[in-house]
Structure formats: C-alpha cells, structure tokens
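J.: The structure under discussion is supplied below as structure tokens; questions concerning it will follow.
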Amino acid sequence: MCGIVGYVGFRAAADILLDGLEQLEYRGYDSAGIAVKCEDEIKVYKAVGKLKNLREELKLHIKEFQNSTMGIGHTRWATHGAPTVLNAHPHTCNCGSLALIHNGIIENYKELKTQLEKEGCIFRSQTDTEVAAHFIAKKYAQTHDLTEAVRLASKEFEGAYALCVMHNDYKNTIVATKRNAPMVVGEGEGEYFIASDVPAIIKYTKKAMYLSDNQVATITPNSIKLINADGSDAVQKFELLPWEPVALSKMGYKHFMLKEIHEQPDVIRNNLTGKLKTASDPVVLDEVKLTKENLKDLNRIQIIACGTSLHAAMVGKYLIETFCGIAVDVEASSEYIYRKTVTDKHTLVIGVSQSGETADTLTAIKQAKAKGSHILIITNRPDSAMAREADSLVAVNAGIEVSVAATKSYTAQLMAFYLLAIYMAEVKGTTDTSILQSLKNELMLLPQKVEQVLANTDEIQKCARNYSGTKDFIYVARGINLPTALEGALKLKEISYINATGYAAGELKHGPIAMLDETMPVLSILMKGTVYDKLLSNSEEARARNARMIALTNSNDPKLEELFDCIIRVPDVQEFLSPIIAVIPLQLIAYYIAEFLGKDVDQPRNLAKSVTVE
Ligand code: AGP
C-alpha cells in the first residue's frame, strides 16, 4: 500500500526520499511524488507509475532542489480517485505553502470537504488527502503553529492515517502524526528519518521509535519533540531495530519471491529453535500467556485472517481440532467485522497476519478484544500494530518478506500452528504421546525434506512451461490439504493473472466438473493418508472428462502413471505435515509460470504487500 518517507538533516533530501521510497516499492503503488523545501518555497514533483517515472521528472528540475536537505516523499496506492498526477501525493493547500503526505483513509473527508468548500477552498484532486492538507492549513491560519495545527486538525479526522506535513514558514521542520497506521522515526547524527516502514530507513539508522496513535512529533535535524493528543509531553522510546539492510537484497536470485521460497528450510529451522529440542521434550511456547488452567478450560477458538494467512489458519483449525479437541472457527477478517460475532472471555481469538498491519484483521481483533477475549497474534512483524494488541504474541521469524506473494511467511505461520497445536495438546493431555512424538520427530526432519524439493525442480519447471498457456487452472485436494489447494490457486492467480481456483475434490461433482474438458488443467494434491483413495477416485472422475491431469504426490502408486499426464513427486512425509511439503512445488509452479509469461513477479498489478485499508 502507500509508502511514506520524510527527511530532515544535511544530506540531499531528494536522494534519501527516492531511496527510501524504493525500499517501500514492494508494498505496491501506482504513483509517486516528493515535496522538498527549496530556498524560499516548497517544490512538489509527481509522476504516475513506477518510481523511474518520478526520477525522470526530477532530472528535468534538478537545479531547483539539489541543495534541499528537507522533504517528504510518498508512493500512492489509489483508493479515492484514479492514479493520476493530480491525485498523487504530496498535496498542498491552495497557496502552496503547506505540503502533506498521507497513508490511510480520512473517513469523514466528505463532511470536511463540504465545510472547506463553503469557506472558499478550491479542490484539485479527488482524494481524501487533499482535504487534510486544506484542513491543517486552516488550523495553521488560526494558530500560526504547525504542531498545534496538526494536533488540532487530527482530533477532527476520523479513520486511519499517518501524516507528514511541512510548511514554508519552517526552514527545517517536519510534523508527523498517526492513528491506526504505522509510522517510525529514525534518529541519526544531525538528521532524522520518518517512514511508514523500517526498510525505508534501515540503511541509515537502526535507532528508531514507533509513534503511538495520536502522538504528534515535531522533527528538526537536531531535535524531536513528542506530544500526546491533549498537548502534554509524551515519552520518547527510541530502540535499536533488529533489522539488517542485507535482508532487502535479492542475493543473486532473479526475484525476491524465488529467494524467499528458497529461504524456507531456514525459516522452519528458526521456528523450531528454542521451542522444540527433542521429540520427547514438550514444546516450549512461553509466548502463550494463557495459564494452563485457562487453556484446559478453553472450549472455543476463533481464527481470523486474510488471504494466505487465512489458508494457514485453515490448516491451524485442522491441527487444533485433531490434537486438542477444541472447536475452531476460521473466518475472513473482512466478514468477521460486519456481523454479530459470539465472542467472550471464554473464547481464544487468534489473529494471523504476515504484516501485522492488515486493516480488516486489525479491526477484527480489536472488536474481539473489546468483548474480553484473549488475543493471540501470529505475525512476522512483532513491531506491528497487531502485535501491540496481542495478549499473547507468537512471532514467526520468517525475516522480512518483500515479494507481494507470501511464501516463506506462510510456511512460518504453519510452523506456528504445529507448535501451538502440540503445545496445547500436551497441556490438555488430549492426544496420545506417541502420536505427538512422531509428529515432533518429523517436524525436525522437515528442513531437509524441503531442501530436497528445492533441489529437484526440473519436473516442476517442465510442468510450469507446459501449462503456462492456460487461461484457467483447477487445484483439488481434501482434508488437511484443502487449504494447500486454495493457496496454490491464490499464488498462481496473483502473480500470473490466470484464473486459478482451489476446490475440495468432493465438491467437483456438485458443479465445477461441468467446466472440465481437454483444455482444463486439474492439479490433484495426492498426499498419502486418510483421503488418498477418495481423492484418487475424484481424480479419475476428472480424467474421464478429458481434463489435463497433474499429480502432486508422495506416493509411488503405479496407477498414477495411467491417470496423470504430469507427476510432481515430493519426499514422503506423514499426512499432518504434508501441507508444508506440498505447498513448495505449488509456489514454484506459480513462480515459473509468471516468470515464463514475463509478469512482474514481485510486484503484481493492483496488489499491495500490506493492505492497510478496509
Ligand atoms: C498473499 O500472497 C497475498 N499477498 C495476500 O493474500 C496476503 O496474504 C493478505 O493480504 C494478508 O496479509 P497479512 O498476512 O499481512 O495480513
């Protein structure tokens, strides 16, 4: 989604802003712009499309801003108004003396706009952001104090926002504030950096502070003043960020997605470290802050998430219900928040999110928290807004994920669910020790098995090439791998734009089978176990309709040779752990098809890495 960068210091501001925006590119955007303080005025430059267009625009004006050491920059993912230069940020007030960038949505912008229009403001864009620029300018005209203007204006804004503001009357000051949207301030020697996410600043400083909701920061090269919404001084909490700039490098891979797929064996190892020592030791999950008595009393769990995280949640449901005997509901956050949910202090609510910033999931967990439920968050970002809402925080240690298509964070979320399910089963005594021990044994062998899949991609690449011309793609599975089918389809559609759908194989005959003919690829996730035979007969039904059949399997069953045109084999693994082994080839198929079709793999069209609007 949108990205924010701000800089006050001694270096060339435009360079820092562009560099920071580049580090946030992965989040997805469709226009970009910067505002820099020049000799006696603020200059604004914008362009539609990728940052290279903004760079071209800036080249034409370099003399105007080359000495500027203060500015704000933004990448916009269109919500209110099309991706045009007029709608791109920064926005200014009518006289051009105040410039502002904004992430989020000012929900009461229509009322404020009507009021401002009556007072003579002329609007040039269709955005809610321009309303904020005029509104803060109005407060500035009353107070002649930029901090106070931002503080008073934001009290009247509804919705979620992170704002950075500069004014012509201030030679070297940026004022920033936020509510329900992330904002971090980095401190250097004689300089400060502001950003909506750490990658934009980590190259320059590790010393940083996350702003809390409604705080207002007034930043100059050598000072930061932080106040609360009521104007009182707020405590500044600078800390050293646990980030390395190297995490943002492709390390020789063509795309971040491929690099991240290959990082999965290490991600599994990282998630086991400290939590699972040997198969006979109980899982250690100190992150779960429910007492053993509370855990024993639990009789209901709700898991809420979106997209890939929702698929991880579905596997989690299967595991928890099987091993712990607790009823689990899984729901898309965007649905959860618009109905009357039955949640109370006896329900454990689990939020799953790679970014920890997804607006729908954040709202859902806040709603559940207000009803008294214990909130357990599974996230890759322990520094995120969701993490701050957590009563129990399970950080999944996947490292920064740059590609919009989630891969290693999915595996990491699955690991969190394996550990959580085993931990709860051990506390509650709901599953035979020998079953849990065999599961733990195999969990420890998983990294090598994933390595084997990654080392043998010839058949996967061949399959991707053969099917790259298709317009539709069906994935079928049953049981614990139904979410794997949904995830495989999601990966393919989001980066190749092929119409891919995952189905419970038993549902084929209730409708989807009508679509099958000799043009339709059907990929069966045939992992050995309880539903293998059933899925095999569903696959036969599809073959009988002449579909192009692909098997993803750990079986050596000779029947498969007759039934399938293409067979992708993976190492043997017990059924409970098969979702991890099975998803890797599906990630790779999606990757190779998209790459073969020449798509923008890491930044697919219309998508954003973290979806911070509802
Ligand atoms: C995954 O490939 C997608 N980009 C998307 O579905 C994502 O999983 C979803 O937006 C949820 O994001 P989160 O995990 O950061 O909450």
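The values are calculated or read from the model by the stated rules, or taken from the named source; none is laboratory data. Since the model is a prediction, treat every value here as computed from it, not as a measurement. Ideal geometry is used to build each Cβ from the backbone, glycine not excepted, and the neighbour counts take in all protein chains shown. For accessibility, only protein heavy atoms count, side chains too; no ligands or nucleic acids. Shrake-Rupley method; radii C 1.70, N 1.55, O 1.52, S 1.80 Å.
J.: Condition test on Tyr503, is it away from the ligand (no atom under 16 Å from the Cβ), more than 27 Å from the chain's Cα centre (by Cα), buried (at least 21 other Cβ atoms within 10 Å of the Cβ) and touching a residue at least 24 places away in the same chain (Cβ under 8 Å)?
T.: Against the criterion (away from the ligand (no atom under 16 Å from the Cβ), more than 27 Å from the chain's Cα centre (by Cα), buried (at least 21 other Cβ atoms within 10 Å of the Cβ) and touching a residue at least 24 places away in the same chain (Cβ under 8 Å)), Tyr503 does not qualify.
J.: What number of residues within region 93-120 are of a type outside the set (A, V, I, L, M) and either open to solvent by less than 30 Å² (accessible area, probe 1.4 Å) or not assigned by TED's automatic domain parsing to the domain that holds Val44 (or both)? Walk me through how you get there before you give the answer.
T.: Initial filter on region 93-120 (of a type outside the set (A, V, I, L, M)): 93-97, 102-104, 107-111, 113-115, 117-120.
Narrowing the set further to residues that are either open to solvent by less than 30 Å² (accessible area, probe 1.4 Å) or not assigned by TED's automatic domain parsing to the domain that holds Val44 (or both) leaves 93, 96-97, 102-104, 108.
Adding up the residues that qualify gives 7.
J.: Moving on. Does Thr433 qualify as being modelled with pLDDT of 95 or more and over 28 Å from Ser403 (Cβ atoms)?
T.: yes
J.: Taking the condition more than 13 Å from the ligand (Cβ to nearest atom), surrounded by 24 or more Cβ atoms within 10 Å (Cβ to Cβ) and either closer than 21 Å to Glu494 by Cα or not polar (S, T, N, Q) (or both), does Val394 pass?
T.: yes
J.: Does region 460-478 contain any residue that is in contact (Cβ under 8 Å) with a residue 24 or more places away in the chain and closer than 30 Å to Asp281 by Cα?
T.: no
J.: Now a separate question. Count, please, the residues in region 360-383 that happen to be more than 20 Å from Glu287 (Cα to Cα) and either surrounded by fewer than 24 Cβ atoms within 10 Å (Cβ to Cβ) or without any contact (Cβ under 8 Å) to a residue 24 or more places away in the chain (or both).
T.: 5
J.: Turning to a different aspect of this structure: Let me confirm something: among Leu348, Leu298, Leu276, which residue is open to solvent by less than 70 Å² (accessible area, probe 1.4 Å), under 30 Å from Val450 (Cα atoms) and more than 16 Å from the ligand (Cβ to nearest atom)?
T.: Leu276 is the lone residue from the list that is open to solvent by less than 70 Å² (accessible area, probe 1.4 Å), under 30 Å from Val450 (Cα atoms) and more than 16 Å from the ligand (Cβ to nearest atom).
J.: How about region 328-345: which of its residues are under 27 Å from Asp297 (Cβ atoms) and either at pLDDT 95 or above or within 10 Å of the ligand (Cβ to nearest atom) (or both)?
T.: Those that are under 27 Å from Asp297 (Cβ atoms) and either at pLDDT 95 or above or within 10 Å of the ligand (Cβ to nearest atom) (or both): Val328, Asp329, Val330, Glu331, Ser333.
J.: Let me ask you something else. Write out, first by first residue and then by second, each pair whose Cβ atoms fall under 9 Å of each other, whose residues are 6+ apart or on separate chains, and whose first residue, in region 289-301, is on the phi > 0 side of the Ramachandran plot while the second is open to solvent by less than 70 Å² (accessible area, probe 1.4 Å).
T.: Sorted first by the residue in region 289-301, then by its partner, the list stays empty.
J.: Which one of these does Glu156 not meet: (1) at pLDDT 95 or above; (2) touching an Asp or Glu at 6+ places or on another chain (Cβ under 8 Å); (3) open to solvent by 10 Å² or more (accessible area, probe 1.4 Å); (4) under 17 Å from Asn108 (Cβ atoms)?
T.: (2)
J.: Now, a different point. Which of (1) part of a helix (DSSP H, G or I); (2) within 14 Å of the ligand (Cβ to nearest atom) does Ile378 not meet, given it meets every other one?
T.: (1)
J.: Still on this structure, I have one more. Give the residue that is farthest from Gly529 (Cα to Cα), with candidates limited to residues of region 467-495 that are in contact with a strand residue (DSSP E or B) (Cβ under 7 Å, 6 or more places away or on another chain), assigned to a helix (DSSP H, G or I) and open to solvent by 30 Å² or more (accessible area, probe 1.4 Å).
T.: Lys493
J.: Same structure again: Give me the helices (runs of 4 or more DSSP H) completely within region 522-612, filtered to those with at least 2 residues that are within 16 Å of the ligand (Cβ to nearest atom) and open to solvent by 60 Å² or more (accessible area, probe 1.4 Å), ordered by residue number.
T.: none
J.: Give me the pairs: first residue in region 344-357 and within 13 Å of Ile320 (Cβ to Cβ), second residue within 15 Å of the ligand (Cβ to nearest atom) and open to solvent by 20 Å² or more (accessible area, probe 1.4 Å), beta-carbon distance under 9 Å, and six or more apart or on different chains, which are they?
T.: Pairs found: Val352/Cys306; Val352/Leu310.
J.: Now, a different point. When only residues in region 314-331 that are touching a Gly at 6+ places or on another chain (Cβ under 9 Å) and of a type in the set (A, V, I, L, M, F, W, C) count, which is least open to solvent (accessible area, probe 1.4 Å)?
T.: Within region 314-331, the subset touching a Gly at 6+ places or on another chain (Cβ under 9 Å) is 318, 328, 330.
The next check asks that each one be of a type in the set (A, V, I, L, M, F, W, C); those that pass are 328, 330.
Working: Val328: 2, Val330: 43 Å².
Here the residue is Val328.
J.: Mind checking which residues of region 211-240 are free of Cβ contacts under 8 Å to residues at least 60 places away in the same chain, among the aliphatic types (A, V, I, L, M) and part of a loop (DSSP other than H, G, I, E, B)?
T.: Within region 211-240, Leu211, Ala234, Val235 qualify.
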